[in-house]
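Report on one structure; see the data block that follows.
The values are calculated or read from the model by the stated rules, or taken from the named source; none is laboratory data. If you're wondering where the values come from, they're calculated on a predicted model, not measured in any experiment. Ideal geometry is used to build each Cβ from the backbone, glycine not excepted, and the neighbour counts take in all protein chains shown. Calculation scope for accessible area: heavy atoms of the full protein, side chains included, ligands and nucleic acids excluded. Shrake-Rupley method; radii C 1.70, N 1.55, O 1.52, S 1.80 Å.
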Amino acid sequence: TIAPAAKRAKADPNLAGVVEALEQAAGLPETCRRMLLAFVPHAFGTPSEERHASQAEAVRMIGEAMQGVETTLKEGADTESDKVADVEASRAGLQAALAKAEATQATAAEE
């Protein structure tokens, strides 16, 4: 019965981002992920001012899981940016070494 709720949430384009974020939550145990996915249509399908306390708690838990995904994605992006900066710094060093070698070769060829 859990799977159909998750499938309904996936079908709703307004909830697709929430479902995708929960599916990417790496640190979330699978049983917890399934529970949160089952909550999505019920918790978000009710206007916030009309939500029962359990629906509001489900929204809070889903929000925490999504913040974890956001943090993980930002950390990954920062790591990749650092790698790009390292490659660019290495490239600049290699270009300088190439220019020096070409100048040395040109000087040697003139002699």
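Yes/no per residue for (1) in contact with an Asp or Glu (Cβ under 8 Å, 6 or more places away or on another chain); (2) within 22 Å of LEU22 (Cα to Cα); (3) outside any helix (DSSP H, G or I); (4) open to solvent by 70 Å² or more (accessible area, probe 1.4 Å):
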residue	(1), (2), (3), (4)
GLY68	no, yes, no, no
GLU75	no, yes, no, yes
GLU80	no, no, no, yes
VAL84	no, no, no, yes
ALA92	no, no, no, no
ALA96	no, no, no, no
ALA106	no, no, no, no
Just the residues that are part of a helix (DSSP H, G or I), modelled with pLDDT of 90 or more and open to solvent by 60 Å² or more (accessible area, probe 1.4 Å), please, taken from the stretch 27-43.
GLU30, THR31, ARG34, MET35, PHE39
Among all residue pairs at least 6 apart or on different chains, which show Cβ distances below 6 Å where the first residue, located in the stretch 45-71, is of a type outside the set (Gly, Ala, Ser) and the second is open to solvent by less than 70 Å² (accessible area, probe 1.4 Å) and not in a helix (DSSP H, G or I)?
GLN55/THR46; VAL69/ALA25
Please determine, by comparing only the residues of the stretch 14-26 that are in contact (Cβ under 8 Å) with a residue 12 or more places away in the chain and of a type in the set (A, V, I, L, M, F, W, C), which one is most open to solvent (accessible area, probe 1.4 Å).
ALA26
